[in-house]
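Step one of this worksheet: look at the structure below.
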């Protein structure tokens, strides 16, 4: 029997997106329990190449830099994802990765349906209203239960300010990813 390969050092792809973190080992065969950052973790299932980096605040960790994991299987398990990788054999190996951040190349995400967008694709887009007045740039999104909210940064009186716009059809006229622009039915004084 050929022993499993160790995770190999790798370069983080230019389009890498942080999608979750390793919570713990799952079972005794080296499966990983993952906390996805999205309620719809399809990217975990469409990609067979995950990139791991140590936790941001870890003074010492079991590895430095970026490691590549080649995924054998990944599936939803309640609110989490469980996965097995060729390079992770046994519970001890999986536990050693606890806290590692998981990145997946944006290019390997599934294609969204018409009118659906990945949050990562909306960050950095400029938002204008129907009259063409600049409302700000998307810096974040918030899930507020039934809807998402765009968080915009704009300048007002020489100071950076935030503006929030519900990301719903009632207020969003169009999203043009190629032009990097969102048009909204929104005014400066809302």
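Throughout, read-outs are computed from the coordinates displayed, never taken from laboratory work. Note that the structure is a prediction, hence the values are computed from the model and not measured. Positions of Cβ are generated from backbone atoms using ideal geometry, with glycine treated the same way; all protein chains shown enter the neighbour counts.
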Fill in the blank from the handout: Of 97-108, 39-50, ordering from highest average Cβ density within 10 Å down gives 97-108, 39-50
Exercise for the section: If a/c stays under 1.5 just call it rounded; otherwise compare a/b with b/c (prolate if a/b is bigger, oblate if not). Do that for the range 8-108, with a ≥ b ≥ c from the square roots of the Cα gyration tensor eigenvalues. Expected result: rounded
Completion exercise
Rounded to the nearest Å, the spacing of the alpha-carbon centers of the range 82-112 and the range 19-60 is 4
Fill in the blank from the handout: If one builds a Gaussian network model of the chain from Cα atoms under 10 Å apart, the most fluctuating residue listed among 124, 30, 115 is 115
Exercise for the section: Please pull out the direction-averaged projected area of the chain, using the convex hull of its alpha-carbon atoms, in nm² to one decimal place. Expected result: 13.6
Handout entry: Helix-derived mean residue ellipticity, 222 nm - over the chain, DSSP H n ≥ 4, -39500 (n - 2.57), to 500
Key = -1500 deg cm²/dmol
